[in-house]
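Structure, as structure tokens:
Bear in mind these aren't lab numbers, they're just calculated from the coordinates by the rules spelled out. Only a predicted model underlies this, so the values are computations on that prediction, with no experimental measurement involved. All Cβ positions, glycine included, derive from the backbone under ideal geometry; neighbour counts span all protein chains shown.
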Amino acid sequence: MVTSASRIKNGDHRCACICTGLYRLFAGAVLVVLAACHKPAAELPRQAIDVTVMTVAARDTPVDFEFTAQTQSSREVQIRARVDGFLDKRVYTEGQLVHAGQTLFLMDPKPFEAVLQSAKGQLAQQQARLTVAKANLARVVPLVAQNALSQKERDDAIGSEKEAEAAVIAAKGQVQTADLNLSYTTIKSPLTGLSSFAQQQDGSYVTAAATGLLTTVYQLDPMWVNFSISENELLAYRDQIEKKQLRFPANDDFEVTVVLADGTVFPARGHINFANPAFSTQTGTFLVRAAFANTQGGLRPGQFVRARVSGAVRPNAILVPQRAVLQGSKSHFVWVVESDSKGHQRVVETGSWHGDDWFITDGLKPGERIVVDGAIRVVADTPLKITDAPPATPSAADGQHDGAQVMAQRQPEHTATN
């Protein structure tokens with residue numbers, strides 16, 4: 001019994017020793033691992049980051065300004081009845097092109113013909129009275145010279161003749177008025193243009209004062225395009241011009257392009273022909289108008305379009321791709337690559353969009369190199385594996401825009417609404 005208990009006791013002792021040894025071995029391994037994990041970060045090797053780099057250059061860059069605009073007929077005429085009467089017939093096709101002098105409506109002429117006939121009769125009566133007065137004066141004058149009649153009778157004869165002459169003049173005026181009113185029963189178009197629908201139907205009684213509007217004719221060529229510029233935009237342009245950041249063409253000879261609602265560009269180019277000198281007290285904007293040749297009638301009055309105004313230039317402007325500019329917590333910045341081939345963060349001031357690029361108004365100088373592709377992966381003072389970016393395409397450099405992309409994807413230089 002003693003021997004068995006002793007053996008059991010010795011076995012437990014050996015097991016305890018084995019467990020203690022394993023524990024110490026495990027703890028030592030853990031300490032080794034922890035020591036490896038707590039090695040300073042500076043001791044870890046850094047791998048170079050692949051980036052694409054471009055050299056900043058300053059160049060004169062044409063810029064466009066886009067505005068919400070609306071087309072307007074250069075001559076919009078309301079066709080109205082000038083006399084009261086019954087509308088006999090519409091003799092034009094609604095919505096079709098009508099020509100200057102073309103008859104549009106016919107009114108009942110019979111009442112006006114009767115008035116004209118009566119006026120002609122009154123004229124004939126007054127002319128007869130004038131003939132009698134002239135003959136009477138011719139008889140009186142010799143008799144007065146012979147003292148056969150008094151001077152008063154001569155004066156009365158002269159007065160009667162003058163009165164008859166005035167009555168003839170008045171009667172002629174009545175004839176002209178009646179003839180003019182009769183001509184108004186045939187209503188013609190004063191211009192060549194697109195006709196609207198008829199406001200009055202055949203057989204309607206129309207009055208010149210109340211229901212005189214019959215239709216409207218719109219001249220299509222030339223077509224006007226109106227847009228508005230806000231006071232803030234105008235002041236910003238003036239400030240940029242004073243700072244030599246913007247240059248307008250000589251004599252403000254801008255070229256205007258119309259971009260339609262589907263993004264297509266109207267083929268004809270227009271020029272500004274009017275700018276309202278006064279600001280609107282309701283909107284704080286002033287009206288600008290451009291004229292376009294519209295021989296094919298591609299533009300119709302009332303269309304909402306985009307007016308792209310070209311001709312301005314930003315001298316010595318710095319353009320960088322949008323992907324090179326990152327947004328920080330307080331400002332925009334780029335990664336500048338210096339002689340050590342490492343990225344250094346630089347705060348920049350951005351201007352307006354220009355295609356896929358951004359104008360940089362402050363923070364960069366010509367000749368400096370910045371990261372274009374891979375900028376999001378750059379870490380300060382980390383070596384960079386540099387690849388030179390390809391040169392800018394002509395379209396990006398010259399400021400050419402695709403109408404659909406500009407309207408759907410990009411913000412213009414400045415945008416105003418009517």
Rounded FRET efficiency, nearest 0.05, which uses the C-beta distance separating ALA278 from ALA57 and R0 of 45 Å: 0.60
Gain in span if fully extended, THR186 to GLN117, counting 0.36 nm per residue against the direct Cα distance: 23.0 nm
Taking GLU94, GLU66 and counting other C-beta atoms within 10 Å, the order from fewest to most: GLU94, GLU66
At 1.306 mPa s and 10 °C, Stokes diffusion of the stretch 109-184 via Kirkwood alpha-carbon radius, µm² per second: 115
Length released on extending from TYR205 to ASP362, taking residue separation times 0.36 nm less the Cα-Cα span: 49.3 nm
Rough spin-label spacing in nm, given labels placed 7 Å along Cα→Cβ, for GLN345 and PHE304: 4.3
